[in-house]
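Trainee: One structure follows; several queries about it will come next.
What follows draws every value from the coordinates through simple rules; no lab data is involved. Not measured: the values here are computed from a predicted model. Don't worry about glycine lacking a Cβ; one is built from the backbone with ideal geometry, like all the others, and counts go over all protein chains shown.
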Ligand code: ADP
């Protein structure tokens, strides 16, 4: 059937059909095309005449065919029914086109007797839809990838949309807060922020967001266990590749521990600063090679340089060390590096004007790698000066004491001589009286004799401590010195038993001041005889060790506690305990003098003792 047979149709209608964008085809109930409008060529590439030679179902995509056939059957059953279906049709060039077919059953209509099929090309729309779908799938996929990544990240991550509301929190965030994603979304997360930080947090977030600027803020966030932890939150604006702003993405880490350490550091830094700036003590930071990095006013003032001079790269700490202390300084550096600290020691530094300043100094290693040390210095000139004045006073007093003592002794001597030269013819009463006077004078003489020794000791210790103490050093045989002293003491205390143990070698060579060394041994031996019971043996032993000789005096006396053992070397120290009161009442200077003498000889002194177990006082001298 052709449209020309429809004599009722007017020309306008024909023009509409033949020039419309949609194509119209009339199908017989078996699918045969009985008419195709010219537009069919634009949609499926077939000229209408050619299209009319094929079956309409032959161009349908096999995938769409069953459902179309079904619709068609259904349509045929109900006259006048209209059905629409989207199907793929093969174009003449072999490609598939999407068409929307609107089928109207007009088979029963005597004018038409066919299913009128309106074909509308929707390939473009379909393609656009496909594209959109693919894009959506892609987006979903990258979103999933992002979440996977974010959940595995060691930081807490959140995102927000352009409305500032949070759209996502990663698994670490949720694990941290112990809340669900739903609770956190939107502004829910602010419920976990410490109330004192919430406003500040929101202000930073809002203002940065409006300016599309990155931000970084610290705030306290409640952890799952209820504890507030400090976190740092870094947010950045986020846009798609084409530059469209899509919101913010942020990452957070728990910095509670870091903050605590920082605060601790700040605190100790402040403590140190306060100490340095208080200028009570001299404080200096320098490396062990002598470069000074920091020095306070007090330290600079002590050594008489300006801080700038001291901090100059060309300045070296060594310049402050007097040449006679180079060795001590080297030793101190070694101690500092090996133990990390330098215990307090007394020494001197050279001032800019060449004078010396006595100091008490101590140090500690700040940085092992950079070999950086912190030194604390105390100017002790005043103390030293006071000490010197005291010594001067002592020395003066001793001299003043000695002069009248000498005359008193001379006068007693004279009086005794006068009694001795008395006439023989005196009456017996006068003779008796003179005899008594003589006895009294002799007792006085005995007492006065102790005094010059005491005064001598006082003078001696004064000289020692003022370092006005010259040794007359000679090569000596220590065996001889020891033998001589023991013999002397034995003679003075005939009733006492002194045992002498000598080494097999007959010669123990030392460079020493024989008189002074003898004085030390005399002191040890006299003490032993003085403090030990008279019926106990005192033994003197000389032994040779690797590079030194050791002389020791062992007694069975009262013994000493550890504290007493260290204090007996102090001047004027005497143990106030039974058994320690000697018959002559010494001054407590003997051992102080002994130590000074031995140390001047580069030797050492010491005592081994325990209360009730006797004492062994010893000293060593380097072998020559
Ligand atoms: P001094 O004997 O003149 O008091 P020293 O300096 O020689 O002074 O001795 C100091 C103190 O040490 C003595 O007063 C005495 O208490 C104690 N001491 C010294 N030697 C001995 C010893 N061998 N046994 C017990 N105590 C001793």
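Trainee: Using Cβ counts within 10 Å as a stand-in for footprinting exposure, how do 539, 552, 160 rank, fewest first?
Mentor: 539, 552, 160
Trainee: State the three equivalent ellipsoid semi-axes of the range 362-430, derived from the C-alpha gyration tensor as the square roots of 5 times its eigenvalues, in descending order and whole Å. Could the numbers behind the result be given before it?
Mentor: Values: eigenvalues 903, 31, 10 Å².
The answer is 67, 13, 7 Å, longest axis first.
Trainee: Can you compute the equivalent ellipsoid semi-axes for the chain, i.e. the square root of 5 times each eigenvalue of the Cα gyration tensor, sorted largest first and rounded to whole Å? Could the numbers behind the result be given before it?
Mentor: Values: eigenvalues 3123, 131, 103 Å².
In descending order, the three semi-axes are 125, 26, 23 Å.
Trainee: Please work out the FRET efficiency for the pair residue 142 and residue 163, using the Cβ-Cβ distance as r and a Förster radius of 25 Å; give the result to the nearest 0.05. Present the calculation step by step, with values, prior to reporting the outcome.
Mentor: Details: r = 22 Å, r/R0 = 0.87.
For R0 = 25 Å, the calculated efficiency reads 0.70.
Trainee: Calculate the translational D of the range 387-464 in whole µm² s⁻¹ from Stokes-Einstein, where the hydrodynamic radius comes from the Kirkwood formula applied to all Cα pairs, the temperature is 25 °C and the viscosity 0.890 mPa s. Walk me through the intermediate numbers first.
Mentor: Details: Rh = 14.6 Å.
Approximately 168 µm²/s, per Stokes-Einstein.
Trainee: Compute the distance in nm between two label points, each set 7 Å from the Cα along the Cα-to-Cβ direction, one at residue 480 and one at residue 448.
Mentor: Result: 3.8 nm between the two label points.
Trainee: While we're here: Once the convex hull of the C-alpha atoms of the range 17-121 is built, how many Å³ does it hold per residue, rounded to a whole number?
Mentor: Details: hull volume 9.0 nm³, N = 105.
So the per-residue Cα hull volume is 86 Å³.
Trainee: Provide the convex hull volume over Cα atoms per residue for the range 73-197, in Å³. Mind dumping the intermediate values first?
Mentor: Working: hull volume 26.8 nm³, N = 125.
Cα convex hull per residue, to the nearest whole number: 215 Å³.
Trainee: In nm, to one decimal, how far is the modelled label at residue 293 from the one at residue 421, with both set 7 Å along Cα→Cβ?
Mentor: Rounded to a tenth, the inter-label distance reads 8.5 nm.
Trainee: Express in whole angstrom the spacing between the alpha-carbon centres of the range 367-410 and the range 122-142.
Mentor: Taking the Cα centre of the range 122-142 as reference, the centre of the range 367-410 is 100 Å away.
Trainee: Also, I was wondering about something else. Taking a label point 7 Å from the Cα of residue 573 along the Cα→Cβ vector, which residues of the range 588-623 have an amide N closer than 14 Å to it?
Mentor: From the range 588-623, the list is 588-596, 605-609.
Trainee: Compute the helix-to-body angle for 428-465: its Cα long axis versus the longest principal axis of the chain, expressed 0 to 90° and rounded to tens.
Mentor: For 428-465 against the chain, the angle is about 30 degrees.
Trainee: In addition: Computed over the Cα atoms of the range 540-623, what is the ratio Rg over Rh, Rh following Kirkwood?
Mentor: Looking at the range 540-623, the ratio lands at 0.98.
Trainee: Take the Cα gyration tensor of the range 226-272, multiply each eigenvalue by 5, square-root it, and list the three semi-axes largest first, rounded to whole angstrom. Could you put the intermediate results ahead of the total?
Mentor: Details: eigenvalues 266, 36, 6 Å².
The three semi-axes for the range 226-272 are 36, 13, 5 Å.
Trainee: Taking every pair of Cα atoms in the range 336-475, average 1/r, invert it to obtain the Kirkwood radius, and report Rg/Rh to two decimals.
Mentor: On the way: Rg = 28.4 Å, Rh = 20.9 Å.
That ratio equals 1.36.
Trainee: Work out, step by step, the length gained on full extension between residue 330 and residue 411: first 0.36 nm times the residue separation, then minus their alpha carbon distance; give nm to one decimal. Please list the in-between numbers first.
Mentor: Numbers: separation 81, 0.36 × 81 = 29.16 nm, distance 5.85 nm.
Length difference between fully extended and current span is 23.3 nm.
Trainee: How big is the Cα convex hull of the range 195-260 in projection, averaged over all directions, in nm²? Kindly include the intermediate steps, with their values, before the conclusion.
Mentor: Numbers: hull surface 21.2 nm².
Approximately 5.3 nm², given one-decimal rounding.
Trainee: If you consider only alpha-carbon coordinates, what radius of gyration and Dmax does the range 269-393 have, in Å?
Mentor: Rg, Dmax (Cα atoms, Å): 14.5, 51.
Trainee: Then there's this: What length, rounded to one decimal in nm, is gained on full extension from residue 390 through to residue 149, with 0.36 nm per residue of separation minus their alpha-carbon distance?
Mentor: Details: separation 241, 0.36 × 241 = 86.76 nm, distance 8.12 nm.
Full-extension gain reported as 78.6 nm.
Trainee: Turning to a different aspect of this structure: Can you pull the three principal axis extents for the Cα set of the range 174-322, in Å, largest first?
Mentor: Here the spans come out as 76, 42, 25 Å, largest first.
Trainee: Sum -39500 (n - 2.57) across every DSSP H segment of at least 4 residues in the chain, then divide by the residue count to get the 222 nm mean residue ellipticity, nearest 500. Could you put the intermediate results ahead of the total?
Mentor: Values: 18 runs with 267 residues, N = 624.
After summing the helix terms and dividing by residue count, I get -14000 deg cm²/dmol.
Trainee: Mind jotting down the three principal axis lengths of the range 474-622 based on Cα atoms? Whole angstrom, largest first.
Mentor: Principal extents (Cα only, largest first): 41, 31, 24 Å.
Trainee: Sticking with this one: For residue 272 and residue 497, FRET efficiency with R0 = 51 Å and r from the beta-carbon atoms, rounded to 0.05?
Mentor: Working: r = 63 Å, r/R0 = 1.24.
That gives a FRET efficiency of 0.20.
Trainee: Grab the beta carbon distance between residue 382 and residue 279, set R0 = 22 Å, and tell me the FRET efficiency rounded to 0.05. Please report the intermediate quantities before stating the final value.
Mentor: Working: r = 16 Å, r/R0 = 0.75.
Once rounded, the FRET efficiency stands at 0.85.
Trainee: Using a cut-off of under 17 Å, list every residue of the range 18-59 whose amide N is near the label point 7 Å from the Cα of residue 109 along the Cα-to-beta-carbon line.
Mentor: 18, 23-29, 34-37
Trainee: Determine, for each peptide in 164-174, 340-350, the mean count of other beta carbons within 10 angstrom over its residues, then list the peptides with the highest first. Could the numbers behind the result be given before it?
Mentor: Details: 164-174: 19.2, 340-350: 15.5.
Ranking, from highest mean packing down: 164-174, 340-350.
Trainee: Would you kindly state how much longer the chain becomes between residue 399 and residue 128 on full extension, computed as 0.36 nm times their sequence separation minus their alpha carbon distance, in nm to one decimal?
Mentor: Values: separation 271, 0.36 × 271 = 97.56 nm, distance 12.22 nm.
Result for the pair: 85.3 nm of gain on full extension.
Trainee: Follow-up. Considering only the chain, what is the antiparallel percent among its DSSP beta bridges, to the nearest 5?
Mentor: If we restrict to bridges inside the chain, about 95 percent are antiparallel.
Trainee: Can you list, bin by bin at 10 Å, the percent of alpha carbon pairs in the range 153-254, starting at 0?
Mentor: Values per bin, smallest distances first: 16, 53, 27, 4, 0.
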